[in-house]
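Quick notes on the structure that follows.
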Amino acid sequence: MQKINKNVVLALLSLTSLVFLLFQLYYYKFYLSQKNGAVFSKVRGSQSGQDSTRWHVVRKFLGLISSHNIPVYLIDPLILGLVNKDIDQIRSSPDGPSPECKYFCAPGDFTTFALLDKTWKHEVGLFRTAEKMGFQWLKIINKDPRLDGMDDLSGIEIPLHYIFKLASHAIHLVVFYERSGNYLWHGPLRLKQYMDRKFVPFRKLHFGRYPGAYEKPELLLVSIDDLKVQIPKNPSSFLEEMSHSRFLECRYREARAFFQLYPDDASLDAVEFRKKAKSLLHLAALTLNNLGVKFWLSSGTCLGWYRQCNVIPHSKDVDLGIFIRDYKADIIPAFQKAGLPLKHKFGKVEDSLELSFQGEDDVKLDIFFFYEEGNHIWNGGTQAKSGKKFKYLFPKFTLCWTEFVELKVHVPCESLQYVEANYGPDWKVPVKIWDWKSSPSNVQYNGVWPVDEWDDVIQIY
């Protein structure tokens, strides 16, 4: 038997291995990559250094939802920020602003879209199609707060977020629901115990850290990077809204516990007052919103929302807070035009301003203006007969949205600290006798108005 040359054998083995490796690379590139989206070819006009993976995943996702007639719109803050810089050009160009891939080739782990719940109900078919296209998906559900109330804590769960993953990119689909205050709401993203926390880097998501509230956006169909997609008509307004969208739910469970200890006043007078207070609050919100003045529930109205999810019937007024930096001279004439005459004006813009307007019957609207000073915020009070000044101190706070008497309205995000500052540690106990000069836990004597200023700082009508 002829002796075999070892070098020849090694060469043949090496050549065979190389051929097999090349075949694997070819197979992976031209078959598996198309099936699973793991590797993508370049997009038309894409520049070197850009990653077209996002573009390909978004294109496949848009094809997926289009095949099921699901209307979605882009809410990704990074892409909308880029789009906003070129918005005039994008609006005027039906084929998009640039031949290069500029927006959907920007680096990122996620692209975020929004879905209105009432526009789509058939998710099973979508998931099947998504899987055939190579997507992995995750559905996040939680309870529906719209069904909660004083009579029932429903516990019914609804879909809040969907995530579709393909290759190294994921689509985050945020579900928006319409609430009774005529606004849109999305819930938090809270994973169940059995869910894979490594499915995607959840901490990088732009939506879901907390619930959010938004006005209904007007949408615009545009072409960007050769993809037809709907976006908010005014991206800059949406991005600004997003930065202040955090939403706090009414505490119905705690309110029910409160009413078990202190039964609610269901008398005719209480029912009538709550009806008038609700109407007054809606009118005040409409007036201030038309002026572009940001406000929040303050004093007893805030306490009623936080403690019992309703107006406190013995309060006899509606209380709102406004930062003095948001004061506008048009406030008084706007309320008078709305049919609410000025009852009194105390203080001045520079110090302790307070306005009171007369609503229906004996229900009044009190607006307190807040001043920042050092590490705290304060509003003032004035005793008309003596000219004495009072100051009410609060720790610094930010504003969140909530729903109160079917109205989307602001409250302090740090609600407990705000309420405790005003009403002390016993805020859970109802108090019907209240002296505004001495009862609040945060009141301080703040001097006396000079007599020669009384005509300006103490005005009663």
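Structure notes:
- Figure legend. Inter-residue proximity from the range 418-433: first residues β-branched (Val, Ile, Thr), second residues open to solvent by less than 20 Å² (accessible area, probe 1.4 Å) and not in a loop (DSSP other than H, G, I, E, B), beta-carbon distance below 9 Å, spacing 6+ or different chains. Indicated pairs: Val419/Cys302; Val419/Leu303; Val419/Arg307; Val419/Pro412.
- Count of residues meeting criterion [touching a residue at least 60 places away in the same chain (Cβ under 8 Å) and open to solvent by 10 Å² or more (accessible area, probe 1.4 Å)] in the range 284-294: 1
- Number of positions in the range 213-231 that are free of Cβ contacts under 8 Å to residues at least 60 places away in the same chain and either of a type outside the set (Phe, Trp, Tyr) or under 27 Å from Ser93 (Cα atoms) (or both): 4
- Number of positions in the range 393-439 that are surrounded by fewer than 17 Cβ atoms within 10 Å (Cβ to Cβ), among the acidic types (Asp, Glu) and more than 21 Å from the chain's Cα centre (by Cα): 2
- Residue in the range 374-381 that is assigned to a strand (DSSP E or B), over 27 Å from the mean Cα position of the chain (by Cα), surrounded by 15 or more Cβ atoms within 10 Å (Cβ to Cβ) and among the β-branched types (Val, Ile, Thr) present: no
- Residue within the range 264-271 that is open to solvent by less than 10 Å² (accessible area, probe 1.4 Å) and under 20 Å from the mean Cα position of the chain (by Cα) present: no
- Condition check for Leu82: open to solvent by 50 Å² or more (accessible area, probe 1.4 Å), closer than 30 Å to Tyr252 by Cα, free of Cβ contacts under 8 Å to residues at least 40 places away in the same chain and under 27 Å from the mean Cα position of the chain (by Cα): no
- Filter result (surrounded by fewer than 17 Cβ atoms within 10 Å (Cβ to Cβ) and within 25 Å of Leu184 (Cβ to Cβ)) within the range 126-136: Phe127
- Helices (runs of 4 or more DSSP H) completely within the range 221-329 that count 1 or more residues being of a type in the set (Asp, Glu) and within 30 Å of Trp55 (Cβ to Cβ): 235-243
- Tyr423 being in contact with a Ser or Thr (Cβ under 7 Å, 6 or more places away or on another chain) and within 13 Å of Gly300 (Cα to Cα): yes
The values are calculated or read from the model by the stated rules, or taken from the named source; none is laboratory data. Because the structure is a prediction, the values reported are computed rather than measured. Here the Cβ is made from the backbone with ideal geometry for all residues, glycine too, and neighbour counts use every protein chain on show. Areas reflect the complete protein model, heavy atoms only, side chains present, ligands, DNA and RNA absent. Shrake-Rupley method; radii C 1.70, N 1.55, O 1.52, S 1.80 Å.
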